1. Scan region 123-149 and report the pairs whose first residue is free of Cβ contacts under 8 Å to residues at least 40 places away in the same chain and whose second residue is part of a loop (DSSP other than H, G, I, E, B), with Cβ atoms within less than 6 Å and a gap of 6+ or a chain change.
2. Which of the residues that make up region 69-99 are over 17 Å from residue 59 (Cβ atoms) and at pLDDT 95 or above?
3. If you check residue 122 against the conditions, is it surrounded by 13 or more Cβ atoms within 10 Å (Cβ to Cβ) and at pLDDT 95 or above?
4. Quick one: would you say residue 95 is among the acidic types (Asp, Glu), loosely packed, with under 14 Cβ neighbours inside 10 Å and without any contact (Cβ under 8 Å) to a residue 60 or more places away in the chain?
5. Restricting to region 54-74, what's the tally of residues that are under 11 Å from residue 154 (Cβ atoms) and not basic (Lys, Arg)?
6. What is the one condition in (1) surrounded by 14 or more Cβ atoms within 10 Å (Cβ to Cβ); (2) under 13 Å from the mean Cα position of the chain (by Cα); (3) farther than 14 Å from residue 149 by Cβ that residue 89 does not satisfy?
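The values are calculated or read from the model by the stated rules, or taken from the named source; none is laboratory data. Not measured: the values here are computed from a predicted model. Quick reminder, even Gly has a Cβ in these numbers, built from the backbone with ideal geometry, and neighbours come from all protein chains shown.
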Amino acid sequence: MEDGKTYRFKIASPMMLCFCLMLHAGCETNGLSNHNLECKVNAVDGAQDNVIGKWRLVKLEEVFYNPKVTDYSCYIIIYHFNEEGKLLVSSNIEENIIYEPGEYDYSFNIGTLYEGGEENYTLKISSINWACGIQESNMALNNAPVDGPKLYFVRIE
């Protein structure tokens with residue numbers, strides 16, 4: 001017969017391992033973490049109800065027709081949202097990814113764009129509305145309900 005301490009340890013260890021794994025999985029927001037990106041991106045936390053600041057595009061997911069995920073974490077594609085409602089897009093690659101480098105008007109509003117969507121905000125860039133979800137250092141822009149892509153960003157400033 002085993003003593004009580006050994007028995008408790010055998011039960012507690014697997015339970016603690018499961019708890020730690022669930023906790024770690026819960027930390028990945030919007031499907032992003034540096035573990036599933038090709039290159040590490042240094043993120044900073046920020047308000048979950050504010051888009052103002054610099055965001056780095058790290059992933060694009062095409063859901064319909066030819067489903068695929070493209071990792072842009074090794075490139076520097078910056079979306080800088082300022083307080084005056086202007087977005088400045090800059091990039092170190094030639095490829096046009098939704099918005100080419102330049103300046104765009106934007107508006108950020110509370111409200112779900114698509115019924116049943118998880119995103120709590122609507123972000124309008126130029127003439128395109130995006131369902132927008134922000135969680136501390138991650139942002140997802142989602143147009144999948146209208147056969148568009150999903151864009152994933154990391155807050156860098």
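1. 129/113; 130/143; 131/113; 131/114; 131/117; 131/119; 142/119; 145/114
2. Hits for region 69-99 are 80, 81, 82, 83, 84, 85, 86, 87, 88, 90.
3. Numbers: surrounded by 13 or more Cβ atoms within 10 Å (Cβ to Cβ): yes; at pLDDT 95 or above: yes.
Yes.
4. On the way: among the acidic types (Asp, Glu): yes; loosely packed, with under 14 Cβ neighbours inside 10 Å: yes; without any contact (Cβ under 8 Å) to a residue 60 or more places away in the chain: yes.
So residue 95 fits the description; yes.
5. The initial filter retains those residues of region 54-74 that are under 11 Å from residue 154 (Cβ atoms), namely 54-59, 72-73.
Filter once more, keeping what is not basic (Lys, Arg): 55, 57-58, 72-73.
So the count comes out to 5.
6. (2) is the only condition that residue 89 fails.
Every residue, every condition in (1) in the same structural domain as residue 45 (by TED's automatic domain parsing); (2) of a type in the set (Val, Ile, Thr); (3) touching a Ser or Thr at 6+ places or on another chain (Cβ under 8 Å); (4) farther than 17 Å from residue 39 by Cβ, yes or no:
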{"residue": "60", "(1), (2), (3), (4)": "yes, no, yes, no"}
{"residue": "71", "(1), (2), (3), (4)": "yes, no, no, no"}
{"residue": "81", "(1), (2), (3), (4)": "yes, no, no, yes"}
{"residue": "92", "(1), (2), (3), (4)": "yes, no, no, no"}
{"residue": "127", "(1), (2), (3), (4)": "yes, no, no, yes"}
